[in-house]
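K.L.:
Below: one structure in structure tokens.
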Amino acid sequence: MSKFFMMGNFTQQGFSGLVKDPKSDRAAAANGCAESVGAKMISYTYVRGQYDFIVQAEGSFEQMAAIKLATEASGALKNIVICEETPLNDIASHATKVSSSYKKPGE
């Protein structure tokens, strides 16, 4: 399983629901979404800044994309960005091999 970070925003409809029920447990809702597709939610955090929340989860990209599709289709969320954790040192090792044989145009 891969680790993912999903950041997003509430819509006006989503914020209206939170004002109507400020005790609404959105972490439980996010966990239910993850479980419904066989993924695992690790954390759910409200943040201040460009996004309203960040969810850390484990699963496949397809599972994360399904969560994005369904939750944005509900009208309560928008702008969900899916970021996958990557092994940068491994990627750099491969890049070293590629750079030793790659020739730029005109060389």
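The values are calculated or read from the model by the stated rules, or taken from the named source; none is laboratory data. Not measured: the values here are computed from a predicted model. With ideal geometry, Cβ positions are generated from the backbone for all residues, glycine too; neighbour counts draw on all protein chains shown.
K.L.:
Working only within region 8-57, note down all residues that are touching a residue at least 60 places away in the same chain (Cβ under 8 Å), assigned to a strand (DSSP E or B) and surrounded by 18 or more Cβ atoms within 10 Å (Cβ to Cβ).
P.N.:
Gly8, Phe10
K.L.:
Any chance you could count how many residues in region 69-100 are under 16 Å from Phe53 (Cα atoms), in a helix (DSSP H, G or I) and out of contact with any Leu (no Cβ under 7 Å at 6 or more places or on another chain)?
P.N.:
Residues in region 69-100 being under 16 Å from Phe53 (Cα atoms), in a helix (DSSP H, G or I) and out of contact with any Leu (no Cβ under 7 Å at 6 or more places or on another chain): 1 in total.
K.L.:
Within region 37-50, does at least one residue satisfy the condition of being out of contact with any Cys (no Cβ under 7 Å at 6 or more places or on another chain), at pLDDT 95 or above, aromatic (Phe, Trp, Tyr) and over 23 Å from Phe15 (Cβ atoms)?
P.N.:
Among the residues of region 37-50, not one is out of contact with any Cys (no Cβ under 7 Å at 6 or more places or on another chain), at pLDDT 95 or above, aromatic (Phe, Trp, Tyr) and over 23 Å from Phe15 (Cβ atoms), which makes the answer no.
K.L.:
For region 66-107: of the residues being among the acidic types (Asp, Glu) and loosely packed, with under 10 Cβ neighbours inside 10 Å, which is nearest to Phe10 (Cα to Cα)?
P.N.:
The qualifying residue nearest to Phe10 (Cα to Cα) is Asp90.
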